[in-house]
Amino acid sequence: MKQDIIISLKGSQDDDNKQDEIELITQGTYYSEGESHIITYDETEVTGFEGTTTTLKIEDNRVTLLRSGQNNSQLIFEKGQRHLCSYETPFGAFTIGIMSKNLDIDLSEDSGVISAQYQIELNNNVSGMNNFHLHFRSVV
């Protein structure tokens, strides 16, 4: 059964003594599909992905982030694993490496927390350390 949820998302990128941060609070939906848990929400101008829907497919030790709409991408987060992923921007599409250093998933029937610490590789060059922390709860 789909539930309406409130999502609080914080992301940061540390690169050469420079830190960029973003915070978003939005509405979305949460439901189970087989053994997976699914969160969907629409991106906004704040994230730079306006016109894009983000879907998180959450499994035991893996989170797949799918974006569709004006910007399409698929990023896979799995602790200790490196995944080659497709990433599309208004300037073109390319393949990036995602190496997850840490991934924590804590879900219940009506709330949850997902945190990841990961590095992005572009042309085999590491581009700083990235973090995201997503908390959601059911709308009562």
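The values are calculated or read from the model by the stated rules, or taken from the named source; none is laboratory data. These numbers come from a predicted model, not from an experiment. Every residue, glycine among them, receives a Cβ derived from its backbone with ideal geometry; neighbour counts consider all protein chains shown.
Say we look at region 104-121 and pick out the residues that are among the charged types (D, E, K, R) and surrounded by 13 or more Cβ atoms within 10 Å (Cβ to Cβ); which of these is nearest to the chain's Cα centre (by Cα)?
Here the answer is E121.
Listed here are the residues, each with its yes/no results for (1) among the hydrophobic types (A, V, I, L, M, F, W, C); (2) touching a Cys at 6+ places or on another chain (Cβ under 9 Å).
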position: T89; (1), (2): no, no
position: A93; (1), (2): yes, no
position: I96; (1), (2): yes, yes
position: S100; (1), (2): no, no
position: I105; (1), (2): yes, no
position: A116; (1), (2): yes, no
position: N123; (1), (2): no, no
position: G128; (1), (2): no, no
position: V139; (1), (2): yes, no
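Among the residues of region 8-36, count how many are more than 14 Å from R137 (Cα to Cα) and in contact with a Leu (Cβ under 9 Å, 6 or more places away or on another chain).
Looking only at that region, the number is 5.
Being polar (S, T, N, Q), touching a Gly at 6+ places or on another chain (Cβ under 9 Å) and within 22 Å of S111 (Cβ to Cβ) is the requirement here; does T55 meet it?
no
From S115, S138, which residue is under 20 Å from I22 (Cα atoms), modelled with pLDDT of 95 or more, out of contact with any helix residue (DSSP H, G or I) (no Cβ under 7 Å at 6 or more places or on another chain) and among the polar types (S, T, N, Q)?
Selected residue: S115, the only one of S115, S138 that is under 20 Å from I22 (Cα atoms), modelled with pLDDT of 95 or more, out of contact with any helix residue (DSSP H, G or I) (no Cβ under 7 Å at 6 or more places or on another chain) and among the polar types (S, T, N, Q).
Check whether at least one residue in region 33-44 is among the aliphatic types (A, V, I, L, M), closer than 23 Å to G128 by Cα and in contact (Cβ under 8 Å) with a residue 12 or more places away in the chain, and report yes or no.
No - not one qualifying residue is present in region 33-44.
Condition first: surrounded by 16 or more Cβ atoms within 10 Å (Cβ to Cβ) and either of a type in the set (D, E, K, R) or modelled with pLDDT under 90 (or both). Now tell me which residues in region 21-78 satisfy that.
Correct list: E43, T47, F49, T52, K57, R62, R67, N71, E78.
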